[in-house]
Amino acid sequence: MEEFTPQFTFHGFRYAEVTGLPTAPVKDAVTGLVYHTDASFTAKLVTGSAMINQLWSNILWGQRSNFVGLPTGLPAA
């Protein structure tokens, strides 16, 4: 087993590509590490719409990931 964890950087990713292996790895052979601030949630929103609930969850997790150090993903002023 081989592990790779960056020590002095972090960034988000949507996809990961693993190449150079003699056979394809099984799906659970690759694990992503979630790195975010440990701030507790202070708001809760539950609606009758699964799409709105998922949007709210995406917003909260986007904020959590951006609250590490300096906010990222913001438009230039």
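Quick notes
- The set of residues from the stretch 11-32 being within 24 Å of S65 (Cα to Cα) and among the charged types (D, E, K, R) comprises R14, E17, D28.
- If you go through the stretch 24-56 and keep only what is within 30 Å of M1 (Cα to Cα), at pLDDT 80 or above and either open to solvent by 100 Å² or more (accessible area, probe 1.4 Å) or outside any loop (DSSP other than H, G, I, E, B) (or both), you end up with K27, D28, A29, T31.
The values are calculated or read from the model by the stated rules, or taken from the named source; none is laboratory data. Bear in mind the structure is a predicted one, so any value in this text is a computation, not a measurement. Side chains are part of the model used for accessible areas, which takes the heavy atoms of the whole protein and leaves out ligands, DNA and RNA. Shrake-Rupley method; radii C 1.70, N 1.55, O 1.52, S 1.80 Å.
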